[in-house]
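Asks: Please read through the structure below; I'll follow up with questions.
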Amino acid sequence: MALSDLGFPQDRTLVMGILNVTPDSFADGGRYNSKENALERGRKLLAEGADIIDIGGESTRPGSDRISVEEELDRVIPVVSALSQLGAVISIDTTRAEVAVSALSAGARIVNDISAGLADPEMLPEVAARAVPYIAMHTRGNSKEMTSLASYANVVTEVVDELNQRVLAILNAGIMPENVVLDPGIGFAKEAEHNWSLLNALPELKALGFPVLIGASRKRFLGALIGATDTDAREAATIALTSLLAERKIWGIRVHDVKAHRDAVRVAGMFL
Ligand code: PMM
């Protein structure tokens with residue numbers, strides 16, 4: 001099913017709610033670790049108006065260790081299956097083709113790959129074969145390497161170039177252009193200054209010709225700006241960012257607290 005068949009509103013920024021079924025994600029790790037907790041959280045995100053629920057089983061924070069495919073499948077598939085039966089549009093946040101394929105069979109409709117196809121050579125062909133929407137995020141290296149790779153002469157042109165290269169690979173693999181969404185990967189192989197430069201370069205990112213998703217929710221660079229080490233204390237700053245991104249007509253934002261961000265998107269929509 002193509003992106004255009006998912007029935008998303010065209011007149012506002014979409015809100016993707018984060019559901020990490022992990023013990024160790026930076027902001028919500030351990031909170032929705034059991035199937036019951038994860039389902040309750042998913043139902044809440046849905047009731048609050050999430051357009052998409054992004055389900056991930058493997059923490060991607062800098063330095064984190066990988067888990068086995070079996071472990072990732074065990075964590076996410078029951079949750080994908082139960083929430084998609086409730087009518088939620090689910091994206092599966094994974095870098096593994098096998099997990100993406102199983103999640104699609106369990107009812108997920110979108111693949112969100114933080115490696116844009118670089119982590120698993122099977123990912124792009126499998127997504128192409130299923131003709132589903134694909135979110136390709138910019139990063140460099142794996143979670144152990146990315147901090148050391150956060151070095152840029154010009155972060156905007158380099159991220160745009162590297163995303164362009166991924167787009168070529170994505171289209172070569174047979175994924176339809178209308179099913180591609182791009183994400184500059186806030187906090188992935190990026191220091192705070194890089195994140196701010198990219199957030200100031202939305203026209204350049206949009207000029208790539210694809211919808212743009214931004215995932216900045218509660219990330220470290222916001223904490224550094226306002227002096228908040230506690231991730232929950234970064235929520236107000238995240239809402240401010242959502243208002244600005246929505247006013248600039250970004251396609252989607254990936255956030256923890258859906259209700260607050262749907263409200264912010266509504267307010268931004270009043271500015272013509
Ligand atoms: N960030 C995280 C995980 N998955 N996916 C996309 N497309 N964009 C992001 O910025 C992104 C992502 C890490 O944040 P989390 O630990 O709160 O999920």
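Asks: What is the residue count in segment 122-148 for residues that are modelled with pLDDT of 95 or more, more than 17 Å from Asn112 (Cβ to Cβ) and not basic (Lys, Arg)?
Replies: Total meeting the criteria: 2.
Asks: Oh, and also: Looking at Arg218, Arg262, Arg254, Arg234, which is the one that is assigned to a helix (DSSP H, G or I), within 15 Å of the ligand (Cβ to nearest atom) and surrounded by 17 or more Cβ atoms within 10 Å (Cβ to Cβ)?
Replies: Arg234
Asks: Do you know which residues across segment 7-36 are more than 16 Å from the ligand (Cβ to nearest atom) and either exposed (fewer than 14 other Cβ atoms within 10 Å of the Cβ) or not in a loop (DSSP other than H, G, I, E, B) (or both)?
Replies: Across segment 7-36, the qualifying residues are Gly7, Pro9, Gln10, Asp11, Ser34, Lys35, Glu36.
Asks: Find all pairs meeting these conditions: Cβ atoms under 8 angstrom apart; at least six residues apart or on different chains; first residue within segment 231-244 and over 13 Å from Phe221 (Cα atoms); second residue outside any helix (DSSP H, G or I) and of a type in the set (Gly, Ala, Ser).
Replies: Close Cβ pairs satisfying both conditions: Asp232/Ala27.
Asks: Would you be able to say whether some residue in segment 54-74 is more than 15 Å from the ligand (Cβ to nearest atom) and touching a Leu at 6+ places or on another chain (Cβ under 9 Å)?
Replies: Looking through segment 54-74, none of the residues is more than 15 Å from the ligand (Cβ to nearest atom) and touching a Leu at 6+ places or on another chain (Cβ under 9 Å).
Asks: Which of the numbered conditions does Arg12 fail, given that it passes all the others? Conditions: (1) of a type in the set (D, E, K, R); (2) farther than 29 Å from Ser243 by Cα; (3) at pLDDT 95 or above.
Replies: (2) is the only condition that Arg12 fails.
Asks: Residue under question is Arg41, and the condition is that it be basic (Lys, Arg), over 25 Å from Pro211 (Cα atoms), assigned to a helix (DSSP H, G or I) and within 14 Å of the ligand (Cβ to nearest atom); does it hold?
Replies: yes
Asks: Among the candidates Ser91, Ser105, single out the residue that is among the polar types (S, T, N, Q), within 25 Å of Gly49 (Cβ to Cβ) and at pLDDT 95 or above.
Replies: Sole residue among the options that is among the polar types (S, T, N, Q), within 25 Å of Gly49 (Cβ to Cβ) and at pLDDT 95 or above: Ser91.
Asks: Sticking with this structure for a sec: Answer with yes or no whether Leu245 is within 14 Å of the ligand (Cβ to nearest atom) and either out of contact with any helix residue (DSSP H, G or I) (no Cβ under 8 Å at 6 or more places or on another chain) or within 25 Å of Tyr134 (Cβ to Cβ) (or both).
Replies: Yes, satisfied.
Asks: Taking into account only those residues within segment 83-137 that are charged (D, E, K, R) and within 14 Å of the ligand (Cβ to nearest atom), which is surrounded by the most Cβ atoms within 10 Å (Cβ to Cβ)?
Replies: Asp93
The values are calculated or read from the model by the stated rules, or taken from the named source; none is laboratory data. None of the values given here were measured: they were computed from a predicted structure. Every residue, glycine among them, receives a Cβ derived from its backbone with ideal geometry; neighbour counts consider all protein chains shown.
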